[in-house]
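Below: one structure in structure tokens.
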Amino acid sequence: MTTRRSFLKSSTTVAGIATFAMPAVAMNIRGANDRIRVGLVGLGGRMRSHIGSLTVLKESENVEIAAICDCDQKKLDAAVKAYPDLEGLKLKTYTEQRKLFEDQDIDAVSFSTQDHWHALQTIWACQAGKDVYVEKPPTWCIWEGRQMVNAARKYRRMVQVGTQNRSNANIREGMQQLKDGLIGDLYMARGMTYKMRGNLGKHNPQPVPAGLDWDAWVGPAKMVEYSNFHHRRWYWISNFASGDVANQTVHDIDRIRWGLGLDQHPITVMSLGDRFPPGDADDADTPNTQAFLCQWAGRKVLVTFEFRHWYTNSEAEMRDKYPFVAENQCVGEIFFGTKGYMIFPDYSSYYSFLGPKNEPGPFKTAGQMRDKLAAGQLTDWRSESAPHFKNWIDAIRSRKHEDLNADVEQGHLSNTVCHLAKISCQLRRSVHFDPQTERFVNDREADGFLRREYRAPYVIPDEV
């Protein structure tokens, strides 16, 4: 049987400085006996879940972690200590991800990197014939999402976005309850992320640490001087990320879209937000408090969302009775129907409340994540994405992107809602979007936010 690895070895791979020229990859069915070799890119905190999940699947799914890559040599040197599951593995190590993509012994790549890198590295990997697991949010701007979808389809790659709720059995059961009408006709959903966030600090230019390729770390973004908070707290800096509007929010919006059956972009989004209270306590430049509302064409449903970084009340007891991971965190969604309401307060639970007296209805929970952490059950935390990775591996074998629970198209749809809220907030007015053209309606000013300027040679091409 011709495997994808043998096919790639018979093909010519040309690595360009900003793109890979690669023929369309053969659509091979991988059998149960074909080992899938995965390369890991980005050795940060989130990679613990990737490694833990793939380790759980090692024997049952015939998966091998075969390579690791980071542009920080110190992280490569400390990888086994940071991730004990890597001990004893015969790992290839790379400081340049494009060299990993050229490795024809690698079948798939799992990315846990900075937001501003997700789109370009996914496209590069697809062009090199690799299947991809990429953390959320998949994009820095709306245009990148369509380019990722185009690359996945053109090169017939299985691209799974890390919205792991899509593969959790309890969450899937709750979504089916919504579909089956447990709480009646749905008319509204509300999401929230209330988390205490730390102070970013002030910009303090420093020499680039030994072993760190700062040019590669900055990649497609605007070049800036190195500062310790760039390397650790980048997600509050707009050069590298969208802030909280596309951080935890992506998970919540994804579940809202899923629960309401919204399979198109919204047509109207209105948002306001800023950093409150005013002042110059740190150099973060993304909102720490924001609210937005969305409407979809042809659907009489309203979607609202809020996030804030300071002390706040709970909603639907999602902080006090059904906490997320830590204290003073109220995170989740509320679905409203004509017979009751349902909450999803974490990554593995749902609860329903029915009738005028809010009588408890069907629910399912695997136990609060916070309690598991307190009890030292860290294995569950490390491998909480294992069902999502298994779904990805299954799709790699079937070669059907329809088998993915969080195909890149779904990631693009969810992340676009967040980007529309970001743009509305930046413009301080409502925006109106055309889901078909993925442009704003007669709004050149808003269209200017659809894509970013890329720093050569880290440029996403118009034709992927």
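What follows draws every value from the coordinates through simple rules; no lab data is involved. Predicted model, so just to flag it, every value in this text is computed and none were measured. Here the Cβ is made from the backbone with ideal geometry for all residues, glycine too, and neighbour counts use every protein chain on show.
Would you work out the relative contact order for the range 113-210, in percent, from Cα pairs under 8 angstrom that are 6 or more residues apart?
Details: 71 pairs, mean separation 21.7, N = 98.
Once divided by the residue count of the range 113-210, the mean separation gives 22 percent.
Out of all DSSP beta bridges with both ends in the chain, state the antiparallel percent to the nearest 5. Mind showing how you got there, number by number?
Values: 42 of 69 bridges.
Around 60 percent of the beta bridges assigned by DSSP in the chain are antiparallel ones.
A further question on this structure: Counting only helical runs of four or more DSSP H residues, what would the 222 nm mean residue ellipticity of the chain come to if each run contributes -39,500 (n - 2.57) and the total is spread over all its residues? Don't jump to the answer; show the numbers that get you there.
Values: 16 runs with 136 residues, N = 464.
Counting only the DSSP helices, I get -8000 deg cm²/dmol.
If you don't mind, another one. For ALA169 and ALA297 in one chain, what is 0.36 nm times their gap in residues minus the Cα-Cα distance, to one decimal in nm?
Values: separation 128, 0.36 × 128 = 46.08 nm, distance 3.03 nm.
Gain in length upon complete extension: 43.0 nm.
Something else now. Place the peptides 311-322, 257-268 in order of packing, highest mean first, counting for every residue the other Cβ atoms within 10 Å and averaging per peptide. Walk me through the intermediate numbers first.
Working: 311-322: 15.8, 257-268: 18.8.
Most protected by this proxy first, the peptides run 257-268, 311-322.
Right, next: Test of understanding: ordering HIS118, HIS388 by Cβ neighbours within 10 Å, fewest first, what list do you get? Each step should come with its number before you reach the end.
Details: HIS118 29, HIS388 24.
In increasing order of surrounding Cβ atoms, one gets HIS388, HIS118.
Taking every eigenvalue of the Cα gyration tensor of the chain, multiplying by 5 and rooting it, what semi-axes result, largest first, whole Å?
They are 33, 26, 23 Å, listed largest first.
Would you please report the Å³ per residue occupied by the convex hull of the alpha carbon atoms in the range 176-322? Show your work: numbers first, answer last.
On the way: hull volume 23.5 nm³, N = 147.
Taking the convex hull of the Cα positions in the range 176-322, it is 160 Å³ per residue.
Can you give the extra length, in nm with one decimal, that the chain gains between ASP263 and ALA216 once fully stretched, where that is 0.36 nm per residue apart less the Cα-Cα distance?
Details: separation 47, 0.36 × 47 = 16.92 nm, distance 3.56 nm.
Extra length from ASP263 to ALA216 when fully extended: 13.4 nm.
Under a crude label model (7 Å from the Cα following the beta-carbon direction), how far is MET223 from THR93 in nanometres?
So the two model labels end up 2.8 nm from each other.
At most 11 other Cβ atoms within 10 Å and a DSSP loop assignment: could you name the trypsin sites (Lys or Arg not before Pro) in the range 391-438 that fit? Mind dumping the intermediate values first?
Numbers: sites: ARG397, ARG399, LYS400, LYS422, ARG428, ARG429; in loops: ARG399, LYS400, ARG428, ARG429.
Passing sites in the range 391-438 are ARG428.
Also, I was wondering about something else. Could you work out the pair-distance distribution P(r) of the range 89-152 from its alpha-carbon pairs, with 10 angstrom bin width and percents rounded to whole numbers?
For the range 89-152, the pair-distance distribution reads 22, 55, 20, 3.
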